[in-house]
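Down below is the structure, laid out as structure tokens.
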């Protein structure tokens, strides 16, 4: 239970879903974790739930100054930064016939610029610390058709490629950079349940989540839904000493989905 003993991690989009589950696991494995996200109530409540090794900072990763603020908060309050999990994201845009410049601008800031800037601001504290681990949440939408709309898919492909290129450049500083590409993971993000405007009760969210898990189970060879904990375990592997010789990689966690024939084509 100490695979991340004495490590300090910053998790963006950490107030719910994959981010919250990763925060729980990292703390269980000995890390001190800063959770960042836009939902102040959820973030504060989660930090209280997870105890003294968790803290929360309000941060909107579509804003460069907020990304820098979250990293500075981590290093100022905990003394260093060992792990950055750029996890925040969400749906963007629309189909090709309806997409607007506004959709493009928002999508680029949310999904790609946030990863690039997170990496940029993590470099200095990780260099001072003798190295570190950056994990970027990508998607199988960046690998395969019809796993997301074209804008989302293109931006996630950009996340994966940026991960590999930045990992090459930062290897000399002992900074490992990897991506995780989840398949369809059952989280409230599918119906906006992880957003700050969600008004559903816990019971209503739980019912939706159970229905979603049943639907997603039929779409993969393993015949079970992917869970936030599956991605958290992948992140733990990459962040721990077990993954110390892994860099510039995209770890696909999809229950075999990308290997399946697409009957819709």
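A few remarks follow.
- Taking every residue in the range 90-105 that is on the phi < 0 side of the Ramachandran plot and outside any loop (DSSP other than H, G, I, E, B) and pairing it with any residue that is surrounded by 10 or more Cβ atoms within 10 Å (Cβ to Cβ) and modelled with pLDDT of 90 or more, at least 6 positions away or on another chain, the pairs with Cβ-Cβ distances below 8 Å are 103/151; 104/151.
- In the range 213-236, the residues that are touching a helix residue (DSSP H, G or I) at 6+ places or on another chain (Cβ under 6 Å) and buried (at least 17 other Cβ atoms within 10 Å of the Cβ): 220, 225, 228, 231, 232, 235, 236
- Residue-level check: of (1) closer than 24 Å to residue 250 by Cβ; (2) modelled with pLDDT of 95 or more; (3) touching a helix residue (DSSP H, G or I) at 6+ places or on another chain (Cβ under 7 Å), residue 82 misses just (3).
- The range 107-151 - residue that is surrounded by fewer than 20 Cβ atoms within 10 Å (Cβ to Cβ) and in contact (Cβ under 8 Å) with a residue 60 or more places away in the chain and, of those, nearest to the chain's Cα centre (by Cα): 143
- Residue in the range 27-34 that is buried (at least 23 other Cβ atoms within 10 Å of the Cβ), in contact with a strand residue (DSSP E or B) (Cβ under 7 Å, 6 or more places away or on another chain), closer than 11 Å to residue 57 by Cα and touching a residue at least 40 places away in the same chain (Cβ under 8 Å) present: yes
- Only one of 63, 7, 69 that is surrounded by fewer than 17 Cβ atoms within 10 Å (Cβ to Cβ) and either under 23 Å from residue 124 (Cβ atoms) or modelled with pLDDT of 95 or more (or both): 63
- Inside the range 183-225, residues that are modelled with pLDDT of 80 or more and within 23 Å of residue 42 (Cα to Cα) make up a count of 2.
- Selection of the range 106-138 for residues being under 19 Å from residue 26 (Cβ atoms), touching a helix residue (DSSP H, G or I) at 6+ places or on another chain (Cβ under 8 Å) and not in a helix (DSSP H, G or I) yields 131, 132, 133, 134, 135, 136, 137.
- Among the residues making up the range 89-102, those that are out of contact with any strand residue (DSSP E or B) (no Cβ under 7 Å at 6 or more places or on another chain), surrounded by 16 or more Cβ atoms within 10 Å (Cβ to Cβ) and closer than 21 Å to residue 60 by Cβ are 92, 93.
The values are calculated or read from the model by the stated rules, or taken from the named source; none is laboratory data. Note that the structure is predicted; figures quoted are calculated from it, not measured. All Cβ positions, glycine included, derive from the backbone under ideal geometry; neighbour counts span all protein chains shown.
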